[in-house]
Amino acid sequence: MEAITRSKVSKTRLLPQVRKLAPPLGQQAFRHTIQAGFALFILFVTVQHVLAGENAATTVPSPEAYCPLGGLETLYRYVTSGGKFVPHAHLSNLVLLAAVFLTAILARSAFCGWVCPLGFLQDMAGGFSGFIQKRIPLVEQAVKGLKSRWAPLAVIDRPLRLLKYGVLAWAVGGAALYTNMVFRDYDPWAALINITEISIRPGLFVLGILILASFFVQRPWCRYACPLGAVSGLMGWLSPVRVKREASLCKSCAVCSKACPMGLPVHKANTVTSPDCTGCLECVAACPRKGALELKVEMPVAGIRKHQ
Amino acid sequence: MRLNVFVYGVLVLAIFMGTIFTARAAGYWSTSGRITSSGEAVTLTGADVDEIKGWMTLGDVAAAYGVPEQEILAAFKLPLETPPAKQLKELESDSFSATSLREWLKERLTR
């Protein structure tokens with residue numbers, strides 16, 4: 001009897017300690033904090049560069065020096081010319097590209113889901129859209145109306161996703177052919193970090209369109225046009241890390257698929273092997289059944305044949 | 001093997017930042033075309049037109065390649081009174097850019 005009472009007391013006393021061990025941040029809050037950190041760093045570099053001006057006594061790096069896509073655009077020139085760069089590219093771009101590739105090979109396309117500030121910007125625009133819709137019913141109705149009107153366009157979603165490989169070929173091939181960043185004028189990221197240069201370039205329109213589109217479709221740039229995401233996703237195929245669905249526990253409620261910012265049919269796949277997976281793990285966080293959807297480490301390349 | 005989401009996040013950060021810090025420690029890092037990875041200022045040697053960058057001045061280019069400034073200005077129909085201290089990117093127009101200057105100089109030097 002005394003033993004039972006002691007046991008009850010010790011359990012009650014232990015409870016607060018157990019609670020303290022719970023993570024202070026949710027999974028997605030943790031990810032957004034990391035994304036925000038990288039975005040703030042780029043904002044700091046951009047402001048510092050603008051304030052210092054072009055003729056500063058000390059060399060203040062341009063935010064373009066921190067873009068891995070610049071590394072991809074200059075890679076061919078760097079290799080074939082024995083260390084030369086295309087304009088606007090530096091060693092830092094190549095190092096960042098290597099970091100993106102290594103991350104993809106070891107941990108899937110996690111750069112896109114955890115680091116990329118443009119991805120974060122789209123996440124924020126999408127989050128803001130959801131926030132507004134929850135509070136203003138009129139906006140919610142309008143968005144729902146537009147979405148249902150555009151529903152037939154879902155058939156072009158899959159072929160449209162191939163567009164990013166075309167953009168990749170254009171950006172990399174053009175830079176190799178013309179020793180110039182031919183994609184730069186159309187790049188929404190370049191337009192954003194150079195926004196203080198009062199010049200109207202196509203990239204500004206692309207940026208405007210993608211922010212607007214983020215209110216209706218999550219991560220439109222990543223889904224359809226990002227050349228860096230395209231190559232990172234392909235490299236991610238080699239990664240031993242992937243989201244796996246336990247069919248015996250899954251009720252196919254499709255909550256995971258609805259949560260996926262890239263619109264992947266997670267609830268239909270046993271292993272998520274799509275190159276579009278950014279490793280954001282929104283699907284894992286959303287899954288209501290413990291153990292039904294988990295991040296697992298397995299032999300690289302295994303399960304590719306089961307793709308979607 | 002199951003992987004905790006927080007461990008995965010830390011792993012991503014470690015791989016990404018680890019690559020950058022390793023490269024920096026190895027001296028393989030430069031964020032500006034104005035300084036080399038060893039921290040020395042980049043100057044025009046006149047040996048290769050590919051050295052020309054938009055932040056360089058008209059006077060720098062003219063001196064390094066031994067081509068009069070007036071000849072460059074005339075070739076690109078730029079105002080002849082343009083000061084030599086003007087950066088190339090400040091002179092950019094439909095007919096002039098650092099790239100077009102490189103191509104013109106390459107041709108001019110082989111004449």
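The values are calculated or read from the model by the stated rules, or taken from the named source; none is laboratory data. Everything numeric in this text was worked out from a predicted model, so none of it was measured. As a convention, Cβ positions derive from the backbone with ideal geometry for all residues, glycine included, and neighbour counts pool all protein chains shown. Protein only, heavy atoms only, side chains kept; ligands, DNA and RNA dropped before computing areas. Shrake-Rupley method; radii C 1.70, N 1.55, O 1.52, S 1.80 Å.
Go ahead and run the numbers for FRET between residue A:158 and residue A:200, Cβ-Cβ distance against an R0 of 25 Å, rounding to 0.05.
Rounded to the nearest 0.05, the efficiency is 0.15.
Which angle from 0 to 90°, rounded to the nearest 10, does the C-alpha axis of helix A:68-80 make with the longest principal axis of chain A?
Once rounded, one gets 50 degrees.
If you count only protein heavy atoms and use a 1.4 Å probe, how large is the accessible surface of residue A:212, to the nearest 10 Å²?
110 Å²
List the Cys residues of chain A that have no partner Cys with a C-beta closer than 4.7 Å.
So far as the 4.7 Å Cβ criterion goes, A:67, A:112, A:116, A:222, A:226, A:250, A:253, A:260, A:277, A:280, A:287 stand without a partner in chain A.
Please compute the contact order of chain B in relative form: average sequence separation of alpha-carbon pairs under 8 Å and at least six residues apart, divided by the residue count, as a percent.
After rounding, I find 18 percent.
For residue A:131 and residue A:60, compute 0.36 nm times the residue count separating them, minus their Cα-Cα distance, and round to one decimal in nm.
Length difference between fully extended and current span is 21.8 nm.
Calculate the FRET efficiency for residue B:85 and residue B:110 from the Cβ-Cβ distance with a Förster distance of 22 Å, rounded to the nearest 0.05.
For residue B:85 and residue B:110, the calculated efficiency is 0.20.
Subtract the Cα-Cα distance of residue A:43 and residue A:102 from 0.36 nm times their separation in residues, and report this length gain in nm to one decimal.
Between residue A:43 and residue A:102, full extension yields an extra 18.8 nm.
In nanometres, what is the gap between the two model label sites at residue A:80 and residue B:34, each 7 Å from Cα along Cα-to-Cβ?
Roughly 3.1 nm, to one decimal.
Using Cα-Cα distances under 8 Å and only pairs 6 or more residues apart, what relative contact order does the stretch A:39-148 have, in percent? Let's see the in-between values first.
Values: 82 pairs, mean separation 20.1, N = 110.
Relative CO of the stretch A:39-148 lands at 18 percent.
Build a GNM of chain A with springs between Cα atoms under 10 Å: which of A:252, A:148, A:232 gets the top mean-square fluctuation?
A:148
Going by alpha carbons, how many degrees (0 to 90, nearest 10) lie between the helix axis of A:27-52 and the longest principal axis of chain A?
With both axes taken from Cα atoms, the answer is about 20 degrees.
Give me the one-decimal nm value for the distance between modelled label points at residue A:142 and residue A:296, 7 Å along each residue's Cα-to-Cβ direction.
The two pseudo-label positions are separated by 4.6 nm.
Run the numbers for residue A:185 and residue A:258: contour at 0.36 nm per residue of separation, minus the present Cα-Cα distance, in nm.
22.9 nm
Could you work out the helix-only [θ] at 222 nm for chain A, with each DSSP H run of four or more residues adding -39,500 (n - 2.57) and the total divided by the number of residues, to the nearest 500 deg cm²/dmol?
-17500 deg cm²/dmol
Return a whole-number percent for the relative contact order of chain A, with Cα pairs under 8 Å and 6 or more residues apart as the contact set.
Contact order relative to length: 19 percent.
Assign unit charges at the C-beta atoms only (+1 for Lys and Arg, -1 for Asp and Glu), then state the dipole size of chain A relative to its Cα centre in Debye, rounded to the nearest 20.
1680 debye
Can you find, among B:45, B:79, B:68, the residue farthest towards the positive end of the dipole of chain B? Put +1 on the C-beta of Lys and Arg, -1 on that of Asp and Glu.
B:45
In deg cm²/dmol and to the nearest 500, what is the mean residue ellipticity at 222 nm of chain B if only DSSP H runs of at least 4 residues count, each as -39500 (n - 2.57), divided by the residue total?
Computed ellipticity for chain B at 222 nm equals -14000 deg cm²/dmol.
Suppose R0 equals 35 Å. What FRET efficiency, 1/(1 + (r/R0)^6) with r the Cβ-Cβ distance, do residue A:151 and residue B:17 give to the nearest 0.05?
0.25
What nm value, rounded to one decimal, do you get for the distance between residue A:249 and residue B:45 when each label is placed 7 Å out toward the C-beta?
Between residue A:249 and residue B:45, the simple spin-label model gives 6.2 nm.
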